[in-house]
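Read through the structure below, which is laid out as structure tokens, and then see the notes.
The values are calculated or read from the model by the stated rules, or taken from the named source; none is laboratory data. Remember, predicted model here, so these are calculated numbers, not experimental data. Neighbour counts run over all protein chains shown; Cβ positions are idealised from the backbone, glycine included.
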Amino acid sequence: MSKLINSLKKEDNNFIKRVRIINTLFLIIFLIIIGKIFYLGIIDNEAPLKFSAGKSNPFILSGERGNIYDTNGEILATSVKYPSIFINPRQIKNKDKDKYAKILSKELSLEYNYVRKKLDSKKYFIWIKRLIDPKIGKKIQKLNLKFVGIQMESKRIYPSDHLAGQLLGHTNIDQLGMEGIEYEYNKLLSGKKKTINIYKDGNGKVIAGNSINASPNNSGSNLTLTINSKYQFILEEELEKTVKDSESLRGYGVIMNPNTGEIYAMASYPFFNPNNFTIYDELSKKNLPVWNLFEPGSIMKSFLVASALDNNNINETTIIDCENGKRKIGGHTIRDVNPKGKLDPEGILRFSSNIGASKIIEKLTGEKYYEYLKSFGFGQKTNIGLPGEGMGLLTTPDKWSKIKLANISFGQGLSVSSLQLAQALSIIANGGIFIEPHIVKKIEKADGEIIYSFKPKKEKRILKYKTTKIIRDMLKEVVQTGSAFRANIKGLDVSGKTGTAQYAESGKYHKKRFMVSFIGFAPTEQPKLVTVITIDYPKGPNAYGGRWAAPTFKRTIEKIMIDEETTTRISESRDAPSFIGKAKKEAIRLAKENKIKIKIYGNGFVKRQEPAPGEKISYLEEINIFLEPGI
């Protein structure tokens, strides 16, 4: 009996052990399941989507593109979120495809056949329409169509429409820069790309897996330009008026600070609105002041006379025989529109004498003038950092025949851009210093960290200060009593020069098409704005720079300077004090007492200064003082 009892007890113990083992196994399995649920639900909450019906379909979504601002913080380009509609055609039943095509084509304003063809695709993911009106997006969402989804994407917006359109450029539907600033700085403006996986839920409805809004970490950098929106608007308005009044093909211009190189305005007409970039041809998108090259004509006489004065080949009183408007060079004859006899350099500029210019370049020599032209920046890019910039044409003087030398003197046989002209004229305006133009003021990351801020390069003197003073006064006379009289502004001294050139085409000059220009700066004594205006192919008999380009300059500068009542402030002047003979420390003390900016060259005692003692200077003007050991 006892053996039976012991045997039963042993069997009970084995049963209990087996039960305990089974319970333990169930507990372990339960804990594993709970752990997996916790991991999938909390830690890796996207993993379950990988096991949903169908496949995951990744696509690339760009991060938020950085903004573009003008110099005063006005937004020129920004990005906003718009809905885009996609489908999973593999999961839409054939019997439903006609219904889907009918609904989607109606709501999205698409052709029925276009949508129906998309629905026949074997792909798991297809865009139907991107960047649609948010109201339509909400309507699609309310329809709750299976296998139809909405993904929010960034759309580039230009709040001021055509303002600086060619300069800014545009992006494509994928937020990639295609022209202008958008293209040149695409890498900096673009946010970091993110992969989005599209899944279906248990009911087969398409859902967006890991789509999130762009954060500062993956947003692009912001650009602040030197452009002043008010100046830009005024320049565009006046160019439009001139082109329409003259029935021209197009017009373009630049406004630049000759002392800092900042570009305040850069405009092309006809306008380009980057919000609707698909409706424009490629030429309409071109930023003409940097892209278009043309023969400048008589405006180049300003740089010729400045070079000859600077090189001491002529002076203010040099008399040139202009041969009553007709001169033979070999088998060629050059003529003047305004025939004159003997003229001084100022008269040659005032009456724009081709013959006078041809004789000045002979005194200077082609080789020397070529050196000056290169130092002014012609025949090379300005490196402003804009796409499509042209170098211009400037052949070496060994290829200049006698007649070519004459042609070069009055602006034929070479080509330039408006930006090159603004850069070169700034040298005359600012006292002889080469200034590199720039368009980007600063670049900062989305978190506010500044990664670039413009710093001017070491200054390089091209012309003597005395030369620039003489040529500025000569160009003022051109405006007051010469061919550029239509640029004259009451109450403000301005300097400038007109130009009219035949359009060069296939190695020949067009008989009726002219490029007319005006280059100028204001005020004469302390220039703050350099402006270049070019009008392409004005119709009618008065196709001259003085008739069309000069008045455009006048109206633009009047609105900028007179309407803002800045003329008096900018033009206020006083006599320059004498620093001659003073030691460096004494000169610095005198400058502080008189609240004058000075720039010191050398060591020792002041040997000379520019402007000279007693000359009228603006309250904003800087005086250059040159020191040498001993006096």
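Observations
- Check on V305, without any contact (Cβ under 8 Å) to a residue 40 or more places away in the chain, closer than 21 Å to Y544 by Cβ and among the β-branched types (V, I, T): no
- Qualifying residue in region 80-89 (condition: assigned to a helix (DSSP H, G or I) and either modelled with pLDDT of 70 or more or over 30 Å from T171 (Cβ atoms) (or both)): yes
- Selected residue (only one of N311, N273 is of a type outside the set (D, E), within 29 Å of K458 (Cα to Cα), surrounded by fewer than 20 Cβ atoms within 10 Å (Cβ to Cβ) and touching a residue at least 60 places away in the same chain (Cβ under 8 Å)): N311
- Any hit, region 106-117, residues being hydrophobic (A, V, I, L, M, F, W, C), outside any helix (DSSP H, G or I) and either closer than 26 Å to R65 by Cα or in the same structural domain as Q175 (by TED's automatic domain parsing) (or both): yes
- L283 falls short on exactly one of the conditions (1) more than 23 Å from S401 (Cα to Cα); (2) buried (at least 17 other Cβ atoms within 10 Å of the Cβ), and that condition is (2).
- Count of residues meeting criterion [crowded, with 21+ Cβ neighbours inside 10 Å and assigned to a loop (DSSP other than H, G, I, E, B)] in region 164-181: 5
- Single condition K102 does not satisfy, out of (1) farther than 16 Å from F86 by Cβ; (2) in contact with a strand residue (DSSP E or B) (Cβ under 8 Å, 6 or more places away or on another chain); (3) surrounded by fewer than 20 Cβ atoms within 10 Å (Cβ to Cβ): (2)
- For the residues I140, I126, I136, I132, the requirement of being surrounded by fewer than 20 Cβ atoms within 10 Å (Cβ to Cβ), under 18 Å from K155 (Cβ atoms) and touching a Pro at 6+ places or on another chain (Cβ under 9 Å) singles out I136.
- Of all residues in region 433-451, those that are surrounded by fewer than 20 Cβ atoms within 10 Å (Cβ to Cβ), in a loop (DSSP other than H, G, I, E, B) and either on the phi < 0 side of the Ramachandran plot or at pLDDT 95 or above (or both) total 5.
- Count of region 385-418 residues which are in a helix (DSSP H, G or I) and of a type outside the set (K, R): 9
- Within the option set I37, I29, being at pLDDT below 70 and in a helix (DSSP H, G or I) holds for one residue only, I37.
- Some residue of region 295-307 being of a type in the set (F, W, Y), under 30 Å from E621 (Cβ atoms) and not in a loop (DSSP other than H, G, I, E, B): yes
- Residue within region 348-371 that is surrounded by fewer than 16 Cβ atoms within 10 Å (Cβ to Cβ), among the basic types (K, R), within 23 Å of F294 (Cα to Cα) and assigned by TED's automatic domain parsing to the domain that holds F294 present: no
- Single condition F485 does not satisfy, out of (1) buried (at least 19 other Cβ atoms within 10 Å of the Cβ); (2) in contact (Cβ under 8 Å) with a residue 40 or more places away in the chain: (1)
- Each residue in region 480-516 was checked for being over 27 Å from M561 (Cβ atoms), of a type outside the set (G, A, S) and out of contact with any strand residue (DSSP E or B) (no Cβ under 7 Å at 6 or more places or on another chain), and 4 of them qualify.
- Check on S409, of a type in the set (S, T, Y), modelled with pLDDT of 95 or more and either surrounded by fewer than 24 Cβ atoms within 10 Å (Cβ to Cβ) or farther than 18 Å from I255 by Cα (or both): yes
- Complete set of residues in region 245-274 that are in contact with a strand residue (DSSP E or B) (Cβ under 7 Å, 6 or more places away or on another chain) and either within 26 Å of I173 (Cβ to Cβ) or among the polar types (S, T, N, Q) (or both): S246, S248, N257, S268, P270
- Residue in region 245-264 that is among the basic types (K, R), more than 20 Å from E389 (Cα to Cα), over 14 Å from the mean Cα position of the chain (by Cα) and modelled with pLDDT of 95 or more present: no
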